[in-house]
1. How big is the gap, in Å, between the Cα center of segment 159-209 and the Cα center of segment 36-67?
2. How high is the relative contact order of segment 3-251, given as a whole-number percent (alpha carbon pairs under 8 Å, six or more residues apart)?
3. When the Debye formula is applied to the Cα atoms of segment 119-178, each taken as the same point scatterer, what base-10 log of I(q)/I(0) results at q = 0.15, 0.16, 0.24, 0.30 Å⁻¹?
4. How many nm is it between the label spots at SER10 and ASP230, if each spot is 7 Å from the Cα in line with the beta carbon?
5. Size of the chain along its principal axes in angstrom, Cα-based, largest extent first?
6. What residue among LEU88, LEU215, LEU128 has the largest mean-square fluctuation in a Gaussian network model of the chain, using Cα springs under 10 Å?
7. With a Förster radius of 51 Å, plug the Cβ-Cβ distance of GLN57 and ALA252 into 1/(1 + (r/R0)^6) and report the FRET value to the nearest 0.05.
8. How much mean residue ellipticity at 222 nm does the chain get from its helices, if each DSSP H run of length 4 or more adds -39500 (n - 2.57) and you divide by all residues, to the nearest 500 deg cm²/dmol?
Amino acid sequence: MQGRIHSLESFGTVDGPGTRFVVFVQGCPMRCAYCHNPDTWSMTGGTLMEPSYIIEQYERNSAFYANQGGLTVTGGEPLMQIDFLIDLFTLAKEKGIHTCIDSSGIAYNPDNAKLCEKMDRLMKLTDLVMLDIKHIDPEKHKELTGQPNTNILKFAEYLNEKHVDMWIRHVVVPGITDDDKYLYDLGYYIGQFSNLKALDVLPYHTMGEKKYENLGMEYKLKGVPAMDKDKVLEKKHVILEGIKKRRAEMQA
């Protein structure tokens, strides 16, 4: 099964543990206001690549990934190409490669039996999922991304049931995702998961604005300032307090 690939990156350092070979897939149904890869949205763009070709590219620099590194598939939305992922990760595991998916979870649908069967197969081949939760509030999430978060949160629950290691990622945008109530609620929600291995709280930046301009696209957050990196630590603490509260209740 070929995949539609936007680009490949040989030395990723923010896409999972260690140094990673990163595959950016093409196609995403989300329309996040701060997305810095709007050129990956189209489902018909990109270059068709065989899983074997990608593994060959990985192996050219495999020595750099040997120390706790591996292969990460991001996007776009990787789970939109689940058949390709299964084939790619099957080859990766045959080579002993650590596999990671960076996903919004939007493609998950617990009511689709055929999809769930494929998802079960994929998770057996997946070492880590980096799950981006854009906003914990359903309405705020739709405003920010154009999509509901119902199945995204169910995907987090699914990963916990399948005992797949999960990193949660959350971008803090001034005036949009920096409200302490919602940050605490996010922490309280993810605090229930035993498979939660890390929490990445990322500051919103404006570097995508120029890219939108070059693509002739409207940038919805034009004028919103970059997030103060020092304040991000404070916001992460709020999420951690929510996690602690949930875990304390579970142990009571």
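1. So the two Cα centres are separated by 26 Å.
2. Working: 476 pairs, mean separation 40.6, N = 249.
Dividing the mean separation by the residue count of segment 3-251 yields 16 percent.
3. Log10 of I(q)/I(0), two decimals: -0.50, -0.56, -0.97, -1.24.
4. About 4.0 nm separates the two model spin labels.
5. Cα spread of the chain along its principal axes, largest to smallest: 51, 46, 38 Å.
6. Result: LEU215 has the largest fluctuation of those listed.
7. On the way: r = 50 Å, r/R0 = 0.99.
Computed FRET efficiency for GLN57 and ALA252 comes out at 0.50.
8. Details: 9 runs with 100 residues, N = 252.
Calculated from helices alone, the mean residue ellipticity at 222 nm is -12000 deg cm²/dmol.
No value in this document is a laboratory result; all are computed from the given coordinates. Bear in mind that the values here come from a model prediction, so they are computed numbers and not experimental data. Neighbour counts are summed over all protein chains in view; Cβ atoms, including those assigned to glycine, are modelled from backbone coordinates with ideal geometry.
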